[in-house]
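A quick write-up on the structure given underneath.
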Amino acid sequence: MSNPDELLVDVVALVESGQSNQMTLTVVAGGAVITGRLAPEAVWRQRVSEVLTDSARLHEFSAAFNATTCEEKAPTHLHFHVARILQGTVGIPETGGMYRVAIDDVSAWTVGDFSYSDQ
(Lines give C-alpha, C1' and ligand atoms only; values in the text may rest on other atoms or scores of the structure.)
Protein backbone atom coordinates (compact mmCIF):
# COMPACT_ATOMS: atom_id res chain seq x y z
CA MET A 1 0.00 0.00 0.00
CA SER A 2 1.51 3.28 -1.00
CA ASN A 3 -0.75 4.80 1.63
CA PRO A 4 -0.77 2.31 4.56
CA ASP A 5 -4.16 1.42 6.00
CA GLU A 6 -4.43 3.34 9.28
CA LEU A 7 -6.54 0.56 10.82
CA LEU A 8 -3.83 -2.01 10.10
CA VAL A 9 -1.21 0.32 11.60
CA ASP A 10 -3.42 0.71 14.70
CA VAL A 11 -3.76 -3.08 15.07
CA VAL A 12 0.00 -3.53 14.78
CA ALA A 13 0.58 -0.70 17.28
CA LEU A 14 -1.60 -2.56 19.82
CA VAL A 15 0.45 -5.71 19.31
CA GLU A 16 3.65 -3.68 19.70
CA SER A 17 2.38 -2.14 22.92
CA GLY A 18 2.35 -5.60 24.43
CA GLN A 19 -1.42 -5.81 24.72
CA SER A 20 -1.50 -9.25 23.10
CA ASN A 21 0.42 -11.65 20.92
CA GLN A 22 -2.76 -13.55 20.06
CA MET A 23 -3.86 -11.39 17.09
CA THR A 24 -4.04 -13.46 13.93
CA LEU A 25 -3.97 -11.87 10.51
CA THR A 26 -3.94 -12.98 6.92
CA VAL A 27 -2.33 -10.60 4.45
CA VAL A 28 -1.61 -10.45 0.75
CA ALA A 29 1.84 -9.01 0.09
CA GLY A 30 3.68 -9.22 -3.20
CA GLY A 31 1.18 -11.80 -4.42
CA ALA A 32 1.81 -14.12 -1.46
CA VAL A 33 -0.84 -14.97 1.12
CA ILE A 34 0.66 -15.08 4.62
CA THR A 35 -1.41 -16.14 7.60
CA GLY A 36 -0.48 -16.39 11.26
CA ARG A 37 -0.07 -14.68 14.58
CA LEU A 38 1.55 -11.30 15.08
CA ALA A 39 4.26 -10.74 17.66
CA PRO A 40 5.80 -7.56 19.02
CA GLU A 41 8.99 -6.81 17.09
CA ALA A 42 11.20 -7.21 20.18
CA VAL A 43 9.80 -10.69 20.86
CA TRP A 44 10.14 -11.65 17.20
CA ARG A 45 13.76 -10.44 17.07
CA GLN A 46 14.60 -12.34 20.26
CA ARG A 47 13.17 -15.58 18.89
CA VAL A 48 15.01 -15.23 15.56
CA SER A 49 18.23 -14.51 17.47
CA GLU A 50 17.72 -17.66 19.58
CA VAL A 51 17.20 -19.81 16.49
CA LEU A 52 20.32 -18.39 14.84
CA THR A 53 22.39 -18.76 18.01
CA ASP A 54 21.54 -22.46 18.06
CA SER A 55 22.65 -22.90 14.45
CA ALA A 56 26.17 -24.17 13.85
CA ARG A 57 26.40 -22.33 10.51
CA LEU A 58 24.43 -19.15 11.21
CA HIS A 59 25.15 -18.25 14.84
CA GLU A 60 27.21 -15.17 13.91
CA PHE A 61 24.08 -13.54 12.43
CA SER A 62 22.17 -13.66 15.71
CA ALA A 63 23.70 -10.37 16.90
CA ALA A 64 21.98 -8.47 14.07
CA PHE A 65 18.62 -9.32 15.63
CA ASN A 66 19.62 -8.13 19.10
CA ALA A 67 19.60 -4.47 18.04
CA THR A 68 17.08 -2.36 19.88
CA THR A 69 14.22 -0.70 18.07
CA CYS A 70 12.72 2.73 18.52
CA GLU A 71 9.28 2.18 20.03
CA GLU A 72 8.14 5.79 19.60
CA LYS A 73 7.48 5.60 15.86
CA ALA A 74 4.43 4.14 14.18
CA PRO A 75 5.04 0.51 13.21
CA THR A 76 6.33 -0.11 9.69
CA HIS A 77 6.38 -3.93 9.63
CA LEU A 78 4.28 -6.90 10.61
CA HIS A 79 6.17 -9.54 12.59
CA PHE A 80 4.55 -12.93 12.11
CA HIS A 81 5.35 -16.00 14.14
CA VAL A 82 3.72 -19.41 13.79
CA ALA A 83 2.85 -18.25 10.28
CA ARG A 84 2.52 -19.90 6.92
CA ILE A 85 2.67 -18.85 3.30
CA LEU A 86 -0.40 -20.39 1.68
CA GLN A 87 0.07 -22.06 -1.68
CA GLY A 88 -2.96 -23.98 -2.86
CA THR A 89 -3.85 -26.47 -0.14
CA VAL A 90 -0.42 -26.33 1.47
CA GLY A 91 0.97 -24.07 4.20
CA ILE A 92 4.71 -23.47 4.04
CA PRO A 93 6.36 -24.36 6.35
CA GLU A 94 4.04 -26.93 7.88
CA THR A 95 5.16 -26.09 11.41
CA GLY A 96 4.89 -22.33 10.96
CA GLY A 97 7.62 -19.82 10.33
CA MET A 98 8.65 -16.31 11.24
CA TYR A 99 8.12 -13.57 8.68
CA ARG A 100 8.68 -9.82 8.60
CA VAL A 101 6.42 -8.01 6.13
CA ALA A 102 6.51 -4.28 5.36
CA ILE A 103 3.11 -2.72 5.98
CA ASP A 104 3.61 -0.74 2.76
CA ASP A 105 3.68 -4.04 0.84
CA VAL A 106 0.30 -5.24 2.15
CA SER A 107 -2.36 -4.97 -0.54
CA ALA A 108 -5.16 -6.73 1.37
CA TRP A 109 -5.70 -8.11 4.85
CA THR A 110 -8.25 -9.70 7.13
CA VAL A 111 -8.39 -10.62 10.78
CA GLY A 112 -8.00 -14.32 11.34
CA ASP A 113 -5.73 -17.22 10.51
CA PHE A 114 -6.79 -19.12 7.40
CA SER A 115 -6.47 -22.83 7.69
CA TYR A 116 -5.50 -25.09 4.87
CA SER A 117 -6.23 -28.71 4.04
CA ASP A 118 -4.24 -31.61 2.66
CA GLN A 119 -7.41 -33.02 1.07
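Got a number for carbon plus sulfur as a percent of region 1-64's accessible area, 1.4 Å probe? Don't skip to the end; give the middle numbers.
Details: 2050 of 3700 Å².
Its accessible area is 55 percent carbon and sulfur atoms.
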> Along the positive direction of the dipole of the chain (beta-carbon charges: Lys, Arg +1; Asp, Glu -1; about the Cα centre), which of 44, 28, 56 reaches farthest?
Replying inline: 56
> Which of these, 89, 24, 35, has the largest mean-square fluctuation under a Gaussian network model of the chain (Cα springs below 10 Å)?
Replying inline: 89
> What does the convex hull of the Cα atoms come to per residue for the chain, in Å³?
Replying inline: 115 Å³
> Going 7 Å from the Cα of residue 105 in the Cα-to-Cβ direction, what parts of region 13-31 have a backbone nitrogen less than 14 Å from that spot?
Replying inline: 27-31
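The values are calculated or read from the model by the stated rules, or taken from the named source; none is laboratory data. This structure is a prediction, so every number in the text was calculated from the model and none was measured. Counting neighbours? That spans all protein chains shown, and the Cβs are built from the backbone with ideal geometry, glycine included. In case anyone asks, the SASA skips ligands and DNA or RNA and just uses the protein heavy atoms, side chains included. Shrake-Rupley method; radii C 1.70, N 1.55, O 1.52, S 1.80 Å.
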